[in-house]
Amino acid sequence: MKISRTFCLGAVTLAFSLLAQNLNPVENPAIPVITFNRLWEAATPQNYTVTVHSTGTARYVSNNPARPAEDKDADPEYAIEFVMSAPTRTKVFALAEQAGYFNGEFDYKKHTLANTGRKTLTYADLSRNFQTTYNWSENVAIDQLTRLFSDISSTIEHGRKLAFLHRYDKLGLEDELKGMENEAKGGYLAELQVIAPTLESIAGDPSVLNIARARAGRLLEMSRKENGGG
């Protein structure tokens with residue numbers, strides 16, 4: 001049976017719409033929670049969500065809902081649970097407070113800007129449940145949160161690729177780790193501790209090139225410093 005292009009496009013639109021509608025918690029949780037979602041069809045991954053509770057428990061989910069199954073970049077949904085480091089968790093909730101817990105309109109509307117994806121921040125606790133959606137915001141706290149969650153996503157997605165390369169293409173680890181080192185030095189990665197087990201596995205594998213093992217070791221050291229470990 002043939003399916004029309006119009007139907008397919010309609011299904012994709014519906015999928016994005018449902019993703020956006022389901023960001024807001026149904027009830028006010030006993031433990032404060034912040035959720036960040038970015039939805040951008042041109043990016044990889046197209047959609048990702050970071051959810052963090054005030055206790056530090058966190059979850060990352062990413063997928064590519066608008067890409068056909070035969071697309072090499074159309075990976076299945078990926079999810080990982082982790083404990084966010086205390087310094088990052090403290091920063092996230094402090095910035096949310098500075099932004100009034102996202103109660104208001106924060107999207108920049110003075111003139112048209114390039115589209116970098118639809119971003120949604122949600123804050124919920126026993127007495128509040130606020131959500132704001134934007135492309136870019138000139139609010140300093142909102143902008144810092146956007147960058148921080150983007151950096152966390154980059155770290156986790158790099159970790160996914162490292163795990164794949166370590167299993168199937170060990171010679172490819174050098175380039176990936178070199179790029180990660182440059183990003184980390186430039187401040188474009190965050191929560192390296194989430195992928196520390198993968199880095200440790202590479203650093204301790206004698207079948208991996210020494211230069212790649214050394215890079216993995218340096219990234220591990222960065223993760224310890226990031227968490228105040230010296």
Being more than 16 Å from the chain's Cα centre (by Cα), farther than 27 Å from THR35 by Cα and at pLDDT 95 or above, is that true of even one residue in segment 139-162?
-> no
Any idea which residue in segment 89-118 is nearest to the chain's Cα centre (by Cα), counting only those that are within 15 Å of VAL52 (Cα to Cα) and open to solvent by 60 Å² or more (accessible area, probe 1.4 Å)?
-> LYS91
From the options TYR108, TYR101, residue that is assigned to a helix (DSSP H, G or I) and either farther than 15 Å from ASN37 by Cβ or among the charged types (D, E, K, R) (or both) | TYR101
State yes or no: is LEU121 open to solvent by less than 20 Å² (accessible area, probe 1.4 Å), part of a helix (DSSP H, G or I) and out of contact with any Pro (no Cβ under 8 Å at 6 or more places or on another chain)?
-> no
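Could you check segment 173-193 and list, in sequence order, the residues that are buried (at least 21 other Cβ atoms within 10 Å of the Cβ) and within 19 Å of the chain's Cα centre (by Cα)?
LEU177, MET180, ALA184, LEU189, ALA190, GLU191, LEU192, GLN193
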Single condition SER137 does not satisfy, out of (1) surrounded by 19 or more Cβ atoms within 10 Å (Cβ to Cβ); (2) of a type outside the set (A, V, I, L, M); (3) closer than 26 Å to ALA203 by Cβ | (3)
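The values are calculated or read from the model by the stated rules, or taken from the named source; none is laboratory data. These numbers were taken from a predicted model, which means no experiment stands behind them. Counting neighbours? That spans all protein chains shown, and the Cβs are built from the backbone with ideal geometry, glycine included. Calculation scope for accessible area: heavy atoms of the full protein, side chains included, ligands and nucleic acids excluded. Shrake-Rupley method; radii C 1.70, N 1.55, O 1.52, S 1.80 Å.
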